[in-house]
Every structure is written in C-alpha cells, then in structure tokens.
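Encoded as structure tokens, the structure appears first; notes follow it.
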Amino acid sequence: MPEKRNARKSILITGGAGFIGSHVVRRFVNNYPEYHIYNLDALTYAGNLENLMDIEEKENYTFLQGDITNEKYINTIFDEYHFDSIIHLAAESHVDRSIKDPLAFAKTNILGTMILLNAFKSQWQDNWEGKLFYHVSTDEVYGTLGKTGLFTESTSYDPNSPYSSSKASSDHFVRAYGETYNLPYVITNCSNNYGANQFPEKLIPLFIHNIINNKQLPVYGDGDYTRDWLYVIDHAIAIDLVFHKGINHETYNIGGFNEWKNIDLVKLLCQQMDEKLGREKGSSEQLITFVKDRPGHDLRYAIDATKINKELGWSPTVTFEEGLANTIDWYLNNEEWLNNVTSGAYQKYYTLQYK
Ligand code: NAD
Ligand code: TYD
C-alpha cells in the first residue's frame with residue numbers, strides 16, 4: 001500500500017509557466033482548492049503567462065516571478081511561504097539549445113535544483129513529516145536504446161547530450177539528498193511530451209507552425225530516430241498520482257507505449273494538417289527536407305511504464321491520433337499565441353539553428 005502523507009497546504013510548482021508546468025499548475029489549482037499553489041517561474045523565452053490565463057484569478061493560486069538560481073530570492077520565498085512540497089519542473093529543456101550553450105543548462109538544471117534542495121532542507125531541518133520534493137525528469141538520462149529493449153527504472157544512467165547530462169546530474173543530487181539527509185523525494189522520468197502550449201522549437205509544434213506557414217520541415221539525418229510520445233495531459237495526470245500516492249525515495253518511469261520513427265510521425269502530422277487546412281493531399285509532405293543531423297543524436301527512446309501502471313494504476317488515456325488531432329486544433333485555434341511566441345528572439349534562434 002502506498003505510504004499515506006498529510007495534506008500539503010502550500011505547494012511550490014517551479015516552471016509552471018512552461019509547457020508541462022502550466023498543465024500541472026492548472027490541474028492542481030482546479031482539483032485541489034484545499035492546497036495553495038505557488039507557481040515560481042523566471043519567464044525565460046519558454047515561459048508564458050498566457051498559458052495560465054484561465055486560472056490566474058483563482059484564490060488558491062499565486063504567481064511568483066523569480067529565478068531558481070537566485071539563492072537569496074529562493075530563501076526569501078521559503079521563509080515567507082513555508083512550502084510543504086515542491087513539484088520541480090523549471091529547467092532549460094531543449095537539446096539543441098544545450099548543444100549551443102551547455103553552461104546555461106548546468107546552471108539552471110543542476111545548480112538551480114541544488115538551491116531548491118538546500119532551501120527545502122533548511123526550511124524543515126529533520127522534520128520531514130508530510131513533506132515532499134517531487135523532481136520531474138526525463139527518460140533521456142538513460143542515454144540511447146538500440147533497435148530493441150525498453151528503459152526501466154533500473155536502467156543505468158548514460159546521458160549523451162548536455163541537456164540529459166544536466167538532468168541526470170540533478171536526479172543524482174535529489175537521490176543524494178534523500179540518502180544523506182533523509183529528504184523525502186520522488187522522481188519521475190518521462191518520455192517525449194506533446195500537446196497544447198509547447199514552445200515551437202520542439203519537433204511537433206515546430207512542424208505544425210512551419211506547415212501553417214508553408215515553410216520547410218527540417219528532419220535531422222535520415223529521420224530514422226525513434227521517440228515514445230505522451231500527451232501532456234496524461235503526464236500531468238501521472239504527476240498528480242505520483243505526488244499523492246508515490247512511495248518515498250522511489251523513481252517511476254512514465255511513457256506513452258507509443259513509439260514513432262520521426263519520419264513516420266512527420267508524415268502522419270502532414271496528413272492530418274492537410275485535412276484540417278483543406279489542402280490537397282500530400283502537399284505538406286513536400287515540405288519535408290532532410291538536414292544535417294544533430295550531434296550526438298540518440299537513436300531511440302522507449303519507456304517501460306509497467307511500474308507506475310501496476311503500482312499506481314496509471315496508463316495513458318488518449319491515443320496518439322486523438323492527442324495529435326487535439327494538439328493541431330489547439331495551435332490552429334491559438335494563432336495569436338503562436339504569433340506572439342514566434343516574434344522577436346525566436347526568429348534569431350531559428351536562423352541560427354537552421355542556417
Ligand atoms: P519548458 O522549457 O516548456 O518550460 C520550462 C519552464 O521553466 C519555463 O516556463 C521557464 O521560464 C522556466 N525556467 C527556466 N529556467 C528557469 C529558472 N532558472 N528559474 C525559474 N524558472 C525557469 O519545459 P517543459 O517541456 O515544460 O519541461 C518541464 C520539465 O519536464 C523539465 O524539467 C524537463 O526536463 C521535463 N521533461 C520534459 C519533457 C518534454 O518532452 N518536454 C519530457 C520529460 C521531462
Ligand atoms: P525534440 O522535440 O527536440 O525532442 P528530444 O530531442 O528531446 O527527443 O526532437 C524529437 C526528435 O525530432 C529528435 O529525434 C530530433 C528530431 N528533430 C528533427 O528531426 N528536426 C527538428 O527540427 C527538431 C527540433 C527535432
């Protein structure tokens with residue numbers, strides 16, 4: 001039976017203005033009026049308060065703009081709000097950016113996590129009853145799979161990109177604080193997410209944006225790379241479940257049981273987009289362009305989510321075809337959101353990345 005924890009009144013969610021964080025914040029604010037949710041976000045290029053307009057006036061919600069690497073600021077907010085639990089999502093999250101600027105990833109993902117761990121530890125000393133540090137991580141820490149096999153919770157860490165190395169390092173620090181200081185934690189390692197509000201630098205929203213604008217679809221290498229895709233709402237549901245029922249000091253893998261080769265996924269996306277935009281069948285596929293491969297590109301990720309399924313009863317609720325259709329609809333209906341995030345600095349990034 002899962003260990004029972006006390007109700008946690010004051011919950012800090014970091015990175016709540018980002019893609020996954022905004023879905024988690026919304027779920028917790030709406031489903032748990034007895035909790036107060038503090039959303040701490042630096043509002044980097046990836047953070048956007050427009051993602052949370054529907055809940056910003058709720059009584060049990062407070063937004064705090066701040067940087068997790070600013071130790072003084074973090075200590076001040078812990079003194080003020082006495083967070084019982086943390087759900088930590090704030091991170092630099094894009095592999096391609098990590099290749100260009102690895103230090104920024106070490107700073108936010110490693111140092112930032114340590115500053116939060118220290119603040120949490122100083123706040124509660126050894127009085128850990130009812131407290132939890134929930135660290136949200138990625139399957140990329142396991143490195144790459146060959147053509148077969150799945151990542152389980154006991155797969156050795158073997159990260160290949162600066163992004164996955166920084167996440168792996170932060171996972172290790174969370175574990176170390178658990179072993180050394182008895183800090184209560186859970187970690188989840190999730191596969192690739194997709195859905196509404198994802199910044200259009202990751203594969204699916206980038207390609208939706210490009211198809212809308214009749215721009216080339218830059219497929220890295222031969223497109224023969226495989227990812228395991230999970231709808232973001234199903235990730236938020238899993239986080240809710242692990243937060244409430246996960247066992248202290250355990251890790252859970254979360255995945256969609258949904259592997260796709262990039263090129264097959266892009267072709268499916270093109271078909272769905274042609275239908276939704278009323279374009280001639282096959283027209284979006286003509287935008288596919290094979291470009292220079294990503295350095296250190298991991299061949300395949302695939303999660304074995306048996307543990308969370310068997311122990312906590314979680315499984316995805318949405319099929320990929322449904323999830324993808326919902327996602328496309330969201331981007332087509334939120335043109336203003338897309339235009340806002342793709343103006344200014346985005347253009348500079350795009351030119352540099354795809355020159
Ligand atoms: P995202 O880039 O969309 O959002 C990250 C958020 O963190 C942004 O709102 C940004 O403003 C904020 N942030 C960045 N640096 C900060 C700092 N120094 N201080 C405070 N806030 C800061 O990322 P995402 O895709 O929503 O990912 C969220 C978490 O989930 C990350 O930890 C990521 O490693 C993990 N994850 C993501 C995926 C995925 O497919 N996107 C899969 C598995 C795990
Ligand atoms: P991405 O969405 O960046 O996620 P991750 O690298 O964390 O898995 O990329 C998903 C896959 O799509 C990955 O194999 C790289 C590939 N890709 C492209 O082929 N072209 C692109 O422009 C991007 C952004 C990704």
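The values are calculated or read from the model by the stated rules, or taken from the named source; none is laboratory data. Just so it is clear, the structure is predicted and the values come from calculations on it, not from any experiment. Note: areas computed on protein heavy atoms with side chains; ligands, DNA, RNA excluded. Shrake-Rupley method; radii C 1.70, N 1.55, O 1.52, S 1.80 Å.
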Checklist entry - Any idea what angle helix 320-333 forms with the longest principal axis of the chain, computed on alpha-carbon atoms, 0 to 90 degrees, nearest 10? => result 80
Checklist outcome for this item: For the range 201-355, percent of DSSP beta bridges that are antiparallel (nearest 5) comes out at 40
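What number comes out for accessible area per residue over the range 194-336 if the probe is 1.4 Å? Units Å², please.
Spelled out: the 1.4 Å probe surface of the range 194-336, per residue, equals 41 Å².
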Checklist entry - Where the accessible area of the chain is counted over protein heavy atoms with a 1.4 Å probe, how much of it, in %, is carbon and sulfur? => result 49
Item to check | Karplus-derived 3J(HN,Hα), 6.51/-1.76/1.60, for each residue of the range 335-351, Hz, glycine and proline x | outcome: 4, 5, 4, 5, 5, 4, 7, 9, 8, x, 4, 4, 4, 5, 4, 4, 5
Checklist entry - Can you give the % of DSSP beta bridges in the chain that are antiparallel, to the nearest 5? => result 10
Item to check | Spatially proximal aspartates and glutamates relative to K131 (Cα-Cα < 19 Å; intrachain offsets below 8 disregarded) | outcome: E3, E34, D79, E80, D84, D171, E179, D240, E250
Checklist outcome for this item: Once amide hydrogens are built 1.01 Å from N within the peptide plane, the residues lying 5 or more places from L217 or on another chain with amide H under 5 Å from its amide H are I288, T289
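Among K202/K245; K100/K261; K267/K348; K202/K355, which pairs are too far apart, with a Cα-Cα distance over 21 Å?
Values: K202/K245 31 Å; K100/K261 25 Å; K267/K348 27 Å; K202/K355 17 Å.
Flagged as over cut-off: K202/K245; K100/K261; K267/K348.
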Checklist entry - If you find the alpha carbon centre of the range 178-229 and of the range 297-312, how far apart are they in angstrom? => result 15
Next on the checklist: Using only the Cα atoms of the chain, what are the Rg and Dmax in Å?
Outcome noted: 19.8, 64
